[in-house]
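Peer 1: Attaching a single structure in structure tokens format; questions to follow.
The values are calculated or read from the model by the stated rules, or taken from the named source; none is laboratory data. Every value quoted in this text rests on a predicted model; they were computed, and no experiment measured them. Glycine gets a Cβ as well: all are built from the backbone with ideal geometry, and neighbour counts include every protein chain shown. Just so you know, the surface numbers come from the protein's heavy atoms only, side chains and all, with ligands and any DNA or RNA stripped out. Shrake-Rupley method; radii C 1.70, N 1.55, O 1.52, S 1.80 Å.
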Amino acid sequence: MNEQEKVKLIQEISEDIIRVSVKDHKGKTMSEQDKAVELLARALYDFSVMYLSQHSHHEEALKGTLAKVKIAYNTLDRMKKTNIVLTRKQ
């Protein structure tokens, strides 16, 4: 498998992840972790499109990709910082 084929495979897999993550879950809301996974898959997809295309605007594509990765990171980081609320029994 050459380099272009590997990137196309990465693109296909990330597209499948996006497709699975945006499926209708019948009223169930997406968790923050699911949203982060979708954003990372979208960033990876955008990155593969940029890699495969000589004519794309690389600077703009990189800005968008970086923004998605940062948002995903911030989402996951927020999840790690859980708030614990203590209640006293009376």
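Peer 1: In segment 38-60, what residues are free of Cβ contacts under 8 Å to residues at least 24 places away in the same chain and either in contact with an Asp or Glu (Cβ under 8 Å, 6 or more places away or on another chain) or open to solvent by less than 70 Å² (accessible area, probe 1.4 Å) (or both)? Steps first, please.
Peer 2: Restricting attention to segment 38-60, the residues satisfying the condition of being free of Cβ contacts under 8 Å to residues at least 24 places away in the same chain are 38, 46-47, 50, 53-60.
The answer is E38, D46, M50, S53, S56.
Peer 1: If you check every pair at least six apart or on different chains, which have Cβ atoms under 7 Å apart with a residue in segment 5-17 that is among the hydrophobic types (A, V, I, L, M, F, W, C) first and a residue that is loosely packed, with under 15 Cβ neighbours inside 10 Å and assigned to a helix (DSSP H, G or I) second?
Peer 2: Final answer for the pair search is V7/L52.
Peer 1: Now for a separate question. On the basis of being within 13 Å of the chain's Cα centre (by Cα), modelled with pLDDT under 90 and open to solvent by less than 90 Å² (accessible area, probe 1.4 Å), does L76 make the cut?
Peer 2: yes
Peer 1: Being closer than 16 Å to T75 by Cβ, open to solvent by less than 80 Å² (accessible area, probe 1.4 Å) and not small (G, A, S): is that true of E15 here?
Peer 2: In short, no.
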